[in-house]
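Heads up, the thing below is written out as structure tokens.
Nothing in this text is a laboratory measurement; each read-out follows from the coordinates by a stated rule. Source: prediction; values computed, not measured. Note: ideal-geometry Cβ built from the backbone for every residue, glycine included; neighbour counts use all protein chains shown.
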Amino acid sequence: MVKLARVLDFPRSEIYYDDMEKMNFKITYTLRAKRVERWIRAVRRDFLDAAEIKVVSLDCEFTDPRKGNQRAVVLQLSVAQHTLVFHIMHADEVPQMLIDFLADKNIKFCGAAIHNDVNMLQTHGISIPPTINLQQILQNPVPRKQTPSLIDLANHYIGADLEQKKFNYNKNKPSKTAKALEEEALIFGWGDFPLSHKQLQYAALDARLDFELGRRHFRALGYNSHMDRLELNIYE
């Protein structure tokens, strides 16, 4: 991760500024309920309260499927350039403000295969109203696939230039190279603390792509893009 700045506000919370796919990111990585509450208050104040169409993307990363039943261990939320990466598995608590925020029926929570995330979050006492699966509401740009991936949708609809990551696991041949171990961590290592810079980039980018796809689909304005400030209709 190219870190333009890193701020240690208090133990186990970090803020990173990054640039990926021609988009700026402010990534809040935390285990602390109070930091999650601060993030929610900020995006409500700066974006959602004034937005006619309130869009928030939601994504989760899960425990290693090779070690039994999977659980949600990382929760990502994205609003514009602001992305929360909440390491919920290691959190001090799940704040009531987060539970209430995710239950807000005025917000359009969207993501790819989001139903899996919603189901996994129930073990943390989180219930979410009907969500929006981007793979169902957006036209499939890859007819040969029954269900497009998030990468397929992002490349087609928002001009990203991403390659689908492929990982072949063979339990009899454990990974040995540094590159293979890094790739394995992106698939299986989300329960580890702390997350690597590469994992944070991966988590933040997925959530941001979900947000941008949802924002464009609903033609949502009010998220402080330069086009919004110029009062230009980018959807015409």
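3J(HN,Hα) along the stretch 114-127: 5, 4, 5, 5, 4, 5, 5, 6, 4, 5, 9, x, 10, 10 Hz, from the Karplus curve 6.51 cos²θ - 1.76 cosθ + 1.60 with θ = phi - 60°, whole Hz, x for Gly and Pro. Taking all C-alpha pairs of the stretch 43-141, those more than 23 Å from each other amount to 26 percent. One chain, two ends: Arg144 and Lys105. Fully extended at 0.36 nm per residue, the span grows by 10.5 nm beyond their Cα-Cα distance. Take every DSSP beta bridge whose two residues both sit in the stretch 1-127; close to 70 percent of them are antiparallel.
Within the shell defined by Cβ-Cβ distances under 10 Å, the residues around Gly191 carry a net charge of -1, with Lys and Arg each +1 and Asp and Glu each -1. Scanning residues 5 or more positions from His82 or on other chains, those with amide H under 5 Å from its amide H are Lys26, with H placed 1.01 Å from N in the peptide plane.
For the stretch 24-35, 3J(HN,Hα) computed residue by residue from phi via the Karplus equation (6.51, -1.76, 1.60; θ = phi - 60°) reads 8, 10, 10, 9, 9, 10, 8, 10, 9, 4, 5, 5 Hz, glycine and proline entered as x. Provide the net charge surrounding His217, with neighbours chosen by a C-beta distance below 14 Å and charges set as Lys +1, Arg +1, Asp -1, Glu -1. Value of the local net charge: +3.
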